[in-house]
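S.K.: Pasting in a structure now, in structure tokens, and then I'll have a few things to ask.
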Amino acid sequence: MVFTQAQLKILVEHRCRHAGITPGVLANRIYGESNRKALARLMAGHGISATSAERASAWMLETWPPETPWPEEVPRPRRGRRITSRRQAEECAR
């Protein structure tokens with residue numbers, strides 16, 4: 001599943017707040033040095049590439065700490081179910 005940029009922004013804010021880190025630190029964890037400014041661009045409203053959004057989405061889903069609550073505003077797919085369309089993503093959120 002690839003989150004929208006608005007959803008990614010919510011996830012970044014939530015993850016950083018709960019982990020006590022900045023978006024720059026989180027970007028370094030997701031992208032390494034190759035794209036460490038991606039989340040700063042996203043948070044400033046400039047957006048990121050589809051490839052960067054895909055990578056951040058996958059990383060968020062794979063590494064979300066179980067003790068950190070998932071933001072209610074962002075649909076989270078059920079484990080073990082591959083999401084291939086926006087309609088499926090909306091169905092999973094219900």
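What follows draws every value from the coordinates through simple rules; no lab data is involved. Quick caveat, the model's predicted, so the values are computed rather than measured. Note that each Cβ is placed from the backbone with ideal geometry, even for glycine, and that neighbours are counted across all protein chains shown.
S.K.: Taking the Cβ of each residue in Glu67, Glu54, Glu72 as the centre, tally the other Cβ atoms inside 10 Å and list the residues starting with the fewest. Walk me through the numbers on the way to the answer.
M.R.: Details: Glu67 6, Glu54 14, Glu72 9.
The order, fewest Cβ neighbours first, is Glu67, Glu72, Glu54.
S.K.: What are the residues whose amide H is under 5 Å from the amide H of Gly47, where those residues sit 5 or more places off or on another chain and H is modelled from the backbone?
M.R.: Leu42
S.K.: Calculate one ³J(HN,Hα) per residue across region 3-11 by plugging θ = phi - 60° into the Karplus curve 6.51 cos²θ - 1.76 cosθ + 1.60, and present them in order as whole Hz with x for glycine and proline.
M.R.: Computed from phi, the couplings for region 3-11 are 6, 5, 5, 5, 5, 4, 4, 5, 5 Hz.
S.K.: Please give the contour-minus-distance gain from Leu61 to Lys37: 0.36 nm per residue of separation, less the Cα-Cα distance, rounded to one decimal in nm.
M.R.: Gain in length upon complete extension: 6.6 nm.
S.K.: Could I have the simple spin-label model distance between Val25 and Glu73, label points 7 Å from Cα toward Cβ, reported in nm to one decimal?
M.R.: 2.3
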